[in-house]
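Just so it is clear, none of the values below were taken in a lab; they were calculated from the coordinates. Since we're looking at a predicted model, the values are computed, not measured. Neighbour counts run over all protein chains shown; Cβ positions are idealised from the backbone, glycine included.
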Amino acid sequence: MNTQPLDAAATESLLAFWRDAGVDACFEDAPVDRTHVVPPPAVKAVAKATASVVAVPDAGDALSEARRLAAGAGTLEELGQAIASFEGCPLKGMGATQSVFSRGNPEAPILVIGEGPGAEEDQRGQPFVGEAGLLLDRMLKEAGLEGQVFITNTVFWRPPGNRTPSPAEQAVCAPFVERAFALLQPKAVLLLGAAAAKSVLGTDEGIMRMRGQWREWRLSEGAVSAPVLPTLHPAFLLRQPMAKRQAWADIMSLAARLDAGD
Ligand code: URA
């Protein structure tokens with residue numbers, strides 16, 4: 001193995017080579033659980049000695065902080081700023097460039113929730129602006145729903161290598177998703193793909209079973225509720241074009257529900 005140190009230009013050129021070849025994330029040979037942060041021994045000792053005074057950040061603290069920040073946002077714009085300032089989602093430290101909150105009409109009757117930002121979204125700071133987003137926009141336009149959607153995701157930082165966000169990552173971002181729902185007060189919600197449907201509806205059912213079936217999403221305080229429709233994720237449709245027929249039927253059902261005004 002060549003163990004010569006690389007200079008900056010050579011490193012940059014090597015990275016550009018791998019990026020152009022489609023490699024956009026680095027992994028170690030063995031998996032590392034970066035959601036479980038073990039304080040180094042010195043910090044551990046201090047934390048132990050002062051346990052009653054110093055709170056060591058954990059998932060519970062992050063969730064409380066997410067709830068506090070979300071509740072303090074009075075508009076969708078403020079909610080975007082609150083998300084950008086949130087440090088509690090582990091995805092934020094896994095190579096994401098920026099937070100990605102929303103795109104679309106802040107007074108839309110439809111809330112669309114996807115899984116999480118991909119590479120293009122991470123670069124541009126908006127959800128669904130890559131290939132899958134173009135397909136989504138085309139379908140919405142064909143159904144007469146252009147300009148009638150506000151689009152977000154279950155998590156706001158790109159998962160490394162575009163993997164599916166974990167339930168823990170989704171859970172810590174959920175107060176922001178719920179606040180978006182409460183602020184928008186949509187007439188209907190469209191859930192794109194299994195990860196979004198499972199997270200929002202709190203179920204383990206498969207997407208093929210759930211898609212096309214209207215359910216209700218009611219926040220625990222009960223103040224906000226709306227009919228929700230799980231459907232297939234546009235990225236899945238790009239890989240499986242035959243499934244577009246089912247997704248199209250779902251989008252038509254959404255348009256009809258909005259027309260009927262119920
Ligand atoms: N896929 C998603 O689920 N969300 C995006 O924003 C982009 C692709």
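Summing charges over neighbours of Arg211, with a neighbour being any other residue whose Cβ is under 13 Å away from its Cβ, gives +3 when K and R count +1 and D and E count -1.
Most tightly packed first, judged by the mean number of other beta-carbon atoms within 10 Å of their residues, the peptides 93-103, 179-189, 78-88 read 179-189, 93-103, 78-88. Dipole magnitude for region 110-255: about 280 debye, using +1 per Lys or Arg Cβ and -1 per Asp or Glu Cβ, origin at the Cα centre.
Its Cα gyration tensor gives region 91-163 an equivalent ellipsoid; the semi-axes, largest first and in whole Å, are 23, 12, 9.
Which peptide among 109-122, 126-139 comes first, and what is the full order, when sorted by highest mean count of other Cβ atoms within 10 Å?
Final packing ranking: 109-122, 126-139.
Order 62-75, 227-240 from most to least packed using the mean count of other Cβ atoms within 10 Å.
Highest to lowest by the protection proxy: 227-240, 62-75.
In terms of the Cα gyration tensor, with a ≥ b ≥ c the square roots of its eigenvalues, is region 78-205 rounded because a/c is under 1.5, prolate because a/b exceeds b/c, or oblate? Judged from the Cα gyration tensor, region 78-205 comes out rounded (a/c under 1.5). Hey, if you drop one equal point scatterer on each alpha-carbon of region 174-241 and run the Debye formula without solvent, what base-10 log of I(q)/I(0) do you get at q = 0.16 Å⁻¹? Calculated log10 I(q)/I(0) at the listed q: -0.54. Hey, if you drop one equal point scatterer on each alpha-carbon of region 125-169 and run the Debye formula without solvent, what base-10 log of I(q)/I(0) do you get at q = 0.21, 0.31, 0.33 Å⁻¹? Log10 of I(q)/I(0), two decimals: -0.80, -1.18, -1.25.
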